[in-house]
Amino acid sequence: MYGVLSIVIQAVEIVFLVQFIMQLVDPTGNHRVLRAIAPLTQPVLTPLRAALPRSQFDYSPLIVVLVFNILRWVLGI
């Protein structure tokens with residue numbers, strides 16, 4: 001059970017890390033990779049962005065990855 005959960009959490013982390021890296025590569029958000037993963041990431045990132053202070057840089061994907069890492073640590077997986 002924990003093995004499957006660990007794989008799922010890692011996959012989610014990778015998607016958010018790709019989101020973060022692609023935002024660095026193309027800040028306009030027009031890259032096809034960003035458009036492809038946006039439906040997966042936006043439901044999580046939109047409320048988080050609303051809660052964070054606005055800045056020139058979007059840290060929300062990194063915060064999500066950090067939260068998932070903490071979750072994996074707490075669960076011991």
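Read-outs: derived from the displayed coordinates by stated rules, not from any lab. Not measured: the values here are computed from a predicted model. Don't worry about glycine lacking a Cβ; one is built from the backbone with ideal geometry, like all the others, and counts go over all protein chains shown.
Numbers at a glance
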item	result
Unique residue being β-branched (Val, Ile, Thr) and in contact with a His (Cβ under 8 Å, 6 or more places away or on another chain) when the list is Val44, Val18, Val25	Val25
Matching residues, the stretch 56-74, being in contact (Cβ under 8 Å) with a residue 12 or more places away in the chain, out of contact with any Lys or Arg (no Cβ under 6 Å at 6 or more places or on another chain) and in a helix (DSSP H, G or I)	Pro61, Leu62, Ile63, Val64, Val65, Phe68, Asn69, Leu71, Arg72
Only listed residue being over 12 Å from the mean Cα position of the chain (by Cα) and outside any helix (DSSP H, G or I), chosen from Pro53, Pro47	Pro53
Matching residues, the stretch 18-37, being more than 13 Å from the chain's Cα centre (by Cα) and either β-branched (Val, Ile, Thr) or not in a helix (DSSP H, G or I) (or both)	Val25, Asp26, Pro27, Thr28, Gly29, Asn30, His31, Val33
Looking only at the stretch 44-72, and only at residues there that are of a type in the set (Ser, Thr, Tyr) and closer than 16 Å to Val18 by Cα, the one that is surrounded by the fewest Cβ atoms within 10 Å (Cβ to Cβ)	Tyr59
Residue in the stretch 20-42 that is free of Cβ contacts under 8 Å to residues at least 40 places away in the same chain, hydroxyl-bearing (Ser, Thr, Tyr) and surrounded by fewer than 16 Cβ atoms within 10 Å (Cβ to Cβ) present	yes
Pairs, first part of a helix (DSSP H, G or I) in the stretch 1-17, second polar (S, T, N, Q), C-beta under 9 Å, six or more apart	Ile9/Asn69; Glu13/Asn69; Val15/Thr41; Phe16/Thr41; Phe16/Ser60
